[in-house]
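Undergrad: My questions all concern the structure below.
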Amino acid sequence: MTQRVQGVVVLGRNEPVRVETVLVPDPGPGEAVVKVQACGVCHTDLHYKQGGISDDFPFLLGHEAAGVVESVGDGVTDVAPGDFVVLNWRAVCGRCRACLRGRPWYCFDTHNARQKMTLADGTELSPALGIGAFAEKTLVAAGQCTKVDPVVSPAVAGLLGCGVMAGIGAAMNTGDVGRGDTVAVIGCGGVGDAAIVGARLAGAARIIAVDIDDRKLETAKTMGATHTVNSRSSDPVASIRELTGGFGADVVIEAVGRPETYEQAFYARDLAGTVVLVGVPTPDMKLELPLLDVFGRGGALKSSWYGDCLPSRDFPMLIDLHQQGRIDLGAFVTETIGLDDVEKAFARMHEGDVLRSVVLL
């Protein structure tokens, strides 16, 4: 039976979000209905609101979530009603050329629920990243549900669904940070701070945080940064080189997603060093670099998709590390709010003092 729940939708580009009645169908084959308990307010949701992802309005926003499986459709065996899960937006297919080569984190055929959730008048909704979790319940592909230890709070667990995983994975998976490496992270929001946590976990000897906001730099130090650079008052490339004996960092993680900061990352790395782009650019952005510099500096220029994570492997591992006290996922939760406060949370993103606002349901 179709269920009526409350959810946060945006009807058109840059319109204020609204709490509306959303109709959630019973799960079909390979699908699951999840009772959402917590969902983080991510910049990607703001990009959807602004039309920076696509024009498939109206959107049901929210994707960084945890909750309990309520029901499953035919053929679902990996999760069952009552399981506590983190939702992920890259449900791997197991059959594409990446999966068959043993690299499922690059899956080229990730999937979502086939059925559509709708507004009360029947208008089909586009769920953000195939999830749509600013809602009391949501319909997803069962492969988007990753079972984790229910001992951790939903507000903490849900952050693995996007930003925290993206940052930690950018360092540990994509950047392959090793023991004794020097790492620079440009952009110290939630994803950048998670990259700092990942670099620390991987054994980096020196972690340089770069941002234009001193408050964010202070927070970065609590996450594990050993040095900070305010790029509003000093040249970040020169500063990173000065802190690394004139060489540059072994790995530079760009967590902003702008051509200017990517160029800084490119020139702030050591010869044969690695640049990791985890910040999400907009469709109109372009990058221009001398091709001779690309060749002459060597190394690797990488993009990090969801921290190149495999949710079934990485989510439970990071929950375990949190339980052991080796990482503090709770430090990323700045405030908890209700569905009615999502528009205010988007506004707070620009104030510089919020890592994550988390909606509790």
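The values are calculated or read from the model by the stated rules, or taken from the named source; none is laboratory data. The shown structure was predicted, so the numbers you read here are calculated from the model rather than taken from an experiment. Neighbour counts run over all protein chains shown; Cβ positions are idealised from the backbone, glycine included. What goes into the accessible areas is simple: the full protein's heavy atoms, side chains included, and nothing from ligands, DNA or RNA. Shrake-Rupley method; radii C 1.70, N 1.55, O 1.52, S 1.80 Å.
Undergrad: Condition first: open to solvent by less than 20 Å² (accessible area, probe 1.4 Å) and in a helix (DSSP H, G or I). Now tell me which residues in segment 240-260 satisfy that.
TA: I240 - this is the single residue of segment 240-260 that is open to solvent by less than 20 Å² (accessible area, probe 1.4 Å) and in a helix (DSSP H, G or I).
Undergrad: Just to be sure I understand, how many residues within segment 115-145 are in a loop (DSSP other than H, G, I, E, B), in contact with a helix residue (DSSP H, G or I) (Cβ under 9 Å, 6 or more places away or on another chain) and open to solvent by 10 Å² or more (accessible area, probe 1.4 Å)? Full working, then the answer.
TA: Step one: list which residues in segment 115-145 are in a loop (DSSP other than H, G, I, E, B), which gives 115-117, 120-123, 125, 131-134, 136.
With in contact with a helix residue (DSSP H, G or I) (Cβ under 9 Å, 6 or more places away or on another chain) added as a condition, the list becomes 131, 133-134, 136.
This time we only want the ones that are open to solvent by 10 Å² or more (accessible area, probe 1.4 Å), so: 136.
So the answer is 1.
Undergrad: Starting from residues that are under 14 Å from G192 (Cα atoms), without any contact (Cβ under 8 Å) to a residue 60 or more places away in the chain and among the acidic types (D, E), keep the ones in segment 211-239 and report whichever is least open to solvent (accessible area, probe 1.4 Å).
TA: The residue in question is D211.
Undergrad: In segment 50-93, how many are at pLDDT 95 or above, surrounded by 22 or more Cβ atoms within 10 Å (Cβ to Cβ) and under 29 Å from P281 (Cβ atoms)?
TA: 11
Undergrad: Out of T118, T77, which single residue is touching a residue at least 12 places away in the same chain (Cβ under 8 Å) and among the β-branched types (V, I, T)? Spell out how you get there, then give the answer.
TA: Working: T77 fails: touching a residue at least 12 places away in the same chain (Cβ under 8 Å).
So the residue among T118, T77 that is touching a residue at least 12 places away in the same chain (Cβ under 8 Å) and among the β-branched types (V, I, T) is T118.
Undergrad: Further question on the same structure: So which residues in segment 24-43 are buried (at least 20 other Cβ atoms within 10 Å of the Cβ) and not in a loop (DSSP other than H, G, I, E, B), if there are any at all? Steps first, please.
TA: Residues of segment 24-43 buried (at least 20 other Cβ atoms within 10 Å of the Cβ): 24, 27, 31-34, 36-42.
Within segment 24-43, V24, E31, A32, V33, V34, V36, Q37, A38, C39, G40 qualify.
Undergrad: Starting from residues that are among the charged types (D, E, K, R) and within 30 Å of K137 (Cβ to Cβ), keep the ones in segment 92-118 and report whichever is nearest to the chain's Cα centre (by Cα). Break it down stepwise before answering.
TA: The initial filter retains those residues of segment 92-118 that are among the charged types (D, E, K, R), namely 95, 97, 101, 103, 109, 114, 116.
Subset that is within 30 Å of K137 (Cβ to Cβ): 95, 109, 114, 116.
Details: R95: 25, D109: 19, R114: 23, K116: 24 Å.
Among those that are among the charged types (D, E, K, R) and within 30 Å of K137 (Cβ to Cβ), it is D109.
Undergrad: Quick test for you: out of G94, G102, G67, pick the one residue that is touching a strand residue (DSSP E or B) at 6+ places or on another chain (Cβ under 6 Å) and not hydroxyl-bearing (S, T, Y). Quick ask: steps written out before the conclusion?
TA: Numbers: G94 fails: touching a strand residue (DSSP E or B) at 6+ places or on another chain (Cβ under 6 Å); G102 fails: touching a strand residue (DSSP E or B) at 6+ places or on another chain (Cβ under 6 Å).
Result of the check over G94, G102, G67: G67.
Undergrad: If you go through segment 210-222 one residue at a time, how many are more than 19 Å from M349 (Cα to Cα) and not charged (D, E, K, R)?
TA: Number satisfying all stated conditions: 1.
Undergrad: Looking only at segment 298-310, how many residues end up being modelled with pLDDT under 95 and in contact with a strand residue (DSSP E or B) (Cβ under 6 Å, 6 or more places away or on another chain)?
TA: Qualifying residue count for the region: 1.
Undergrad: May I ask you to say which residue of D341, D320, D314, D328 is within 17 Å of A157 (Cβ to Cβ), without any contact (Cβ under 8 Å) to a residue 40 or more places away in the chain and among the charged types (D, E, K, R)?
TA: Details: D341 fails: within 17 Å of A157 (Cβ to Cβ); D320 fails: without any contact (Cβ under 8 Å) to a residue 40 or more places away in the chain; D314 fails: without any contact (Cβ under 8 Å) to a residue 40 or more places away in the chain.
Among D341, D320, D314, D328, only D328 is within 17 Å of A157 (Cβ to Cβ), without any contact (Cβ under 8 Å) to a residue 40 or more places away in the chain and among the charged types (D, E, K, R).
Undergrad: While we're looking at this one, here's another question. Quick check on my filter: what residues within segment 172-210 are in a helix (DSSP H, G or I), open to solvent by less than 10 Å² (accessible area, probe 1.4 Å) and closer than 23 Å to G352 by Cα? It would help to see each step written out before you state the result.
TA: Start the filter on segment 172-210 by keeping residues that are in a helix (DSSP H, G or I), which leaves 172-174, 190-202.
If we keep only those that are open to solvent by less than 10 Å² (accessible area, probe 1.4 Å) too, we end up with 174, 192-199.
G192, D193, A194, A195, I196, V197, G198, A199, listed by residue number.
Rundown of residues vs (1) over 18 Å from A199 (Cβ atoms); (2) out of contact with any Pro (no Cβ under 9 Å at 6 or more places or on another chain), yes/no style:
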| position | (1), (2) |
| --- | --- |
| D284 | yes, yes |
| D293 | yes, yes |
| A300 | no, yes |
| L310 | yes, no |
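Undergrad: Within segment 100-114, track down each residue that is open to solvent by less than 50 Å² (accessible area, probe 1.4 Å) and at pLDDT 95 or above.
TA: Within segment 100-114, A113 is the sole residue that qualifies.
Undergrad: A further question on this structure: Answer yes or no: is there a residue in segment 12-20 that is of a type outside the set (K, R) and outside any loop (DSSP other than H, G, I, E, B).
TA: From segment 12-20, those of a type outside the set (K, R) are 12, 14-17, 19-20; that's our starting set.
Then drop every residue that is not outside any loop (DSSP other than H, G, I, E, B), which leaves 19-20.
Yes; the residues of segment 12-20 include at least one that is of a type outside the set (K, R) and outside any loop (DSSP other than H, G, I, E, B).
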